[in-house]
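This report refers to the structure that appears directly beneath it.
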Amino acid sequence: MIMTNGCMKRRSAALLRVVPAIFAALWIAAATVQPGAAKELEGVKFSEEYRSGDVTMRLSCVALLRYKLVIKAYVAALYLGDGAAAGDVLADVPKRLELNYFWSISGSDFGEAGDRILEQNVDAETFAAMRPRLERINALYRDVKPGDRYALTYIPGVGTEVALNGDRIGVIEGADFGAAYFRIWLGDNPIDARFRDQLLGCARLDSENRHAAAAPAELAVP
């Protein structure tokens, strides 16, 4: 088919309008990680479960945090105690967050950034009351290099344990501290809402699936 100059101009103009939209859609898709209860993401592997004493926590979901949608900052895995659902993640239940880093970060940067985000997730009185324990946990953080992994583990009655590459560094007591500190990643104003939703997405799906599977059994009860 031979197109006239007028037709070609109209076709070119239409493409100029469509191409940016296609590019934007591809950009968003590339920057978004779908939640999935996988044991590996971005080449980083996570165990299916973690045990601390007689407490067992199972892998709930993994997610990738990107800085400004492009730079891969770290991959994280969320573990929850048996029976805990996504809605319980900030309650007094066993939970663990493993963070595997792709970049070198100074230990002092963890405390400064964490405090800024935490202050957006709790009221001023709570933040002030937490200050002595925040200073203690901030002092625990060390420099990390690519491939290093921090783990924050909360056990009811024990507290929030900080570990680097499997080595325990310290424990901060208090259920109130654990509930507040995990808000940095999982609260209403987290480090990244998309990242939070990815980590909690699998837990929600698991909970819904458990309820769906239980429904027929309940109907069958006389």
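The values are calculated or read from the model by the stated rules, or taken from the named source; none is laboratory data. Values in this document were obtained by computation on a predicted structure and should not be read as measured data. Every residue, glycine as well, gets a Cβ built from its backbone with ideal geometry; the counts of neighbours run over all protein chains shown.
Points worth noting:
- Single residue of region 105-127 satisfying the filter (of a type outside the set (A, V, I, L, M, F, W, C), under 19 Å from the mean Cα position of the chain (by Cα) and not in a helix (DSSP H, G or I)) that is surrounded by the most Cβ atoms within 10 Å (Cβ to Cβ): Asn121
- Residue within region 114-134 that is without any contact (Cβ under 8 Å) to a residue 60 or more places away in the chain, touching a helix residue (DSSP H, G or I) at 6+ places or on another chain (Cβ under 8 Å) and of a type in the set (Asp, Glu) present: yes
- Single unsatisfied condition, Ala139 versus (1) among the hydrophobic types (A, V, I, L, M, F, W, C); (2) within 16 Å of Asp115 (Cα to Cα); (3) surrounded by 16 or more Cβ atoms within 10 Å (Cβ to Cβ): (3)
- When region 160-201 is filtered for residues that are over 17 Å from Leu78 (Cα atoms) and small (Gly, Ala, Ser), the ones remaining, listed by number, are Gly170, Gly174, Ala175.
- Condition check for Glu98: surrounded by fewer than 20 Cβ atoms within 10 Å (Cβ to Cβ) and not β-branched (Val, Ile, Thr): no
- Some residue of region 169-179 being in a helix (DSSP H, G or I), at pLDDT 95 or above and closer than 17 Å to Tyr50 by Cβ: yes
- Beta carbons closer than 9 Å, at least 6 apart along the sequence or on distinct chains, pair a first residue in region 170-196 that is in contact (Cβ under 8 Å) with a residue 40 or more places away in the chain with a second that is charged (D, E, K, R) and in a loop (DSSP other than H, G, I, E, B) for Ala175/Asp92; Gly178/Asp92; Ala179/Asp92; Trp185/Asp192.
- Members of region 66-85 that are outside any loop (DSSP other than H, G, I, E, B), of a type in the set (A, V, I, L, M) and either out of contact with any strand residue (DSSP E or B) (no Cβ under 8 Å at 6 or more places or on another chain) or surrounded by fewer than 22 Cβ atoms within 10 Å (Cβ to Cβ) (or both): Ile71, Ala73
- Taken over region 143-154, the criterion of being surrounded by fewer than 19 Cβ atoms within 10 Å (Cβ to Cβ), in contact with a Ser or Thr (Cβ under 9 Å, 6 or more places away or on another chain) and not acidic (Asp, Glu) is satisfied by Lys145, Pro146.
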